[in-house]
Amino acid sequence: MGDMIPISYLSARTRSAIVALGLAAALSAACLTDLHRAKRDYTAGQEHAAAMRTEQAVASWKKAADEASGASLRKPSAQSFTVKGLAEANLGRWREAEASFLKAFSLGFAKGESWAADAALAGLAASFAEFGLEAPALRMYAQLLDRSDFRPALMFAAEKRTDLVLAGALGLEPRDRDRALSGLNKALDRLIDRDFACGLYHYLHAQVDGHLGDLRRSYEEAVMARQLGLPAEKILRDNDNQLVYCYLRLSGSLPAAEAEAFAAAHARWAGRWGWRDARTPAWKKE
Amino acid sequence: MSKKSVEAALARGVEILKAFLPLKSWLVFPVLYSACVWAVRRVFDFRERILAWQVWLDPDFVRAKPDEFVLAFFCGHEALGREYADEIARGDMRVLRAAFPALYPVLGLEDAFLKALFKAEIDASDYRAIVVAFASRTAKAMEDIRPAAADPEFWKALYFAAAEAASLGLHLLKDEEVQNMIVALVKKPAGAAPAIPPDA
């Protein structure tokens, strides 16, 4: 077995040093493992979200937040606080996310400060909306949409602002309503230009187009949303219902030849998505 | 697959769940049925799936739908169209819009838990009763499920019951059959707590 020196031959001081070194190594390994696991679970959450497995995504982000929290307690680092903040933001825990990003900033993550500000604004806007103070909430959402580059806050603001504007537009005169909705669509167009692959923006656009009566565009946006992925099953189902609604309305209003071509194209999409027929998504019970 | 073995697995599930939901056995049916729906689809994160309806009770986008979409929803569902034929003919959007937030999550988005929660009304095509009972029954369900939902053993028991039934061929049965099977099992012992939700 070579020339190993039995530990009992070492002085008490050397033995303590070895034990301390061993402990430090073990603790540091535990820290790395926690952060590594947090990163892995956060990434898994992103993958689940992209594949529309919302509940699994939420479960993964919760795990990631817990693990990153453990890692940042043992060995605070910009990385561990950033992963924690990202997971918290995806879970809609804006206040906690703000605190995490500020800590990440203090430890050297340059973007931490602006992300913390965006998380704070998103949380504040949500609180205002919850208490029925829609006008200030709308201003905050608009501000986020104009200047934020933090995706979770952007997606949250886009969804909430669209819902608020659509709900408000229901009570307006047609001219004012169309003006409000066109403004909303321009904002969504800008978001789509910045991040074309985000299915949620296309879904929101399809909803606004539906309100404006532009069913052709609504159908196209809903198809894109379906293809790119949506953040929750209920949104996916609502998007499918929008597709069926547009399909039926358009089929009835198009000239015969165009309607036939449209029906054939829709049948191809429906086949690709595994629908039972042109108007029955797979999740619909008989 | 034997229908009997699926039924036996579900019966075991009902018995175990009744222990977690004492005096609340009306919740056993929606909980177990929705767990079965997810088990058949090989999706086993029951906790998140089953509790998801609470998040979706009144999503903002439901209230913001345009009148044409609301009208198409009522006309596109045969029995619903019959029930609301007068309002549709009159173009009474006030009544249709008021009913939409209750009926769309159940019949439009087809949440498994909510569908089971209103099974009696759906079977009787009594859609107006869903609208009347929606807020109180969902609030009661949320309240009554809370203690059990906080217990990890409850979810474990539910997982085993639904997964066992799924492994025995649950997917080969019609939805209606599974629902009736669970309802019969919940009602089975004489004098047991009601399988029909008590409306406040």
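The values are calculated or read from the model by the stated rules, or taken from the named source; none is laboratory data. Just so we're clear, the structure is a prediction, and the values are computed from it rather than from any experiment. Methodologically, a virtual Cβ is constructed for each residue, glycine included, from the backbone with ideal geometry; neighbour enumeration extends over all protein chains shown.
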Among helices (runs of 4 or more DSSP H) lying entirely in region B:1-100, which contain 1 or more residues that are modelled with pLDDT under 80?
B:3-20, B:28-40, B:46-55, B:60-63
Examine region B:90-111 for a residue that is touching a Ser or Thr at 6+ places or on another chain (Cβ under 6 Å), of a type outside the set (Gly, Ala, Ser) and within 22 Å of B:VAL178 (Cβ to Cβ), and state whether such a residue exists.
no
Take the residues in region A:157-179 that are more than 12 Å from every other protein chain (Cβ to nearest Cβ) and either surrounded by 19 or more Cβ atoms within 10 Å (Cβ to Cβ) or in contact with a His (Cβ under 6 Å, 6 or more places away or on another chain) (or both), then tell me which one is nearest to A:ILE192 (Cα to Cα).
A:ALA158
Can you tell me which of (1) away from chain B (no Cβ under 14 Å); (2) within 21 Å of A:LEU236 (Cβ to Cβ); (3) among the hydroxyl-bearing types (Ser, Thr, Tyr) is the one A:SER114 doesn't meet?
(2)
Pull up region A:231-253, narrow it to residues that are touching a residue at least 12 places away in the same chain (Cβ under 8 Å) and among the basic types (Lys, Arg), then point me to the one that is farthest from the other protein chains (Cβ to nearest Cβ).
A:ARG249
Is region A:215-230 home to any residue that is within 25 Å of A:GLU55 (Cβ to Cβ), crowded, with 19+ Cβ neighbours inside 10 Å and touching a residue at least 60 places away in the same chain (Cβ under 8 Å)?
yes
Could you list, in sequence order, all residues of region B:75-99 that are under 24 Å from B:ALA135 (Cβ atoms) and either assigned by TED's automatic domain parsing to the domain that holds B:ILE130 or hydrophobic (A, V, I, L, M, F, W, C) (or both)?
B:ALA79, B:LEU80, B:ILE88, B:MET93, B:VAL95, B:LEU96, B:ALA98, B:ALA99
Scanning for something assigned to a helix (DSSP H, G or I), among the polar types (S, T, N, Q) and within 14 Å of chain B (Cβ to nearest Cβ), does region A:202-214 turn up at least one residue?
yes
Inside region B:133-168, the number of residues satisfying the requirement of being surrounded by 15 or more Cβ atoms within 10 Å (Cβ to Cβ) and not aromatic (Phe, Trp, Tyr) is 18
Which one of these does A:TYR219 not meet: (1) at pLDDT 95 or above; (2) within 22 Å of the chain's Cα centre (by Cα)?
(2)
Can you report the number of residues in region A:269-286 which are closer than 17 Å to A:ARG216 by Cβ and away from chain B (no Cβ under 14 Å)?
1
Among the candidates A:ILE235, A:ILE192, which residue alone is at pLDDT below 90, under 25 Å from A:GLY168 (Cβ atoms) and under 20 Å from the mean Cα position of the chain (by Cα)?
A:ILE235
Residue in region B:101-138 that is nearest to B:TYR84 (Cα to Cα), counting only those that are more than 14 Å from chain A (Cβ to nearest Cβ), without any contact (Cβ under 8 Å) to a residue 12 or more places away in the chain and part of a helix (DSSP H, G or I)
B:ALA129
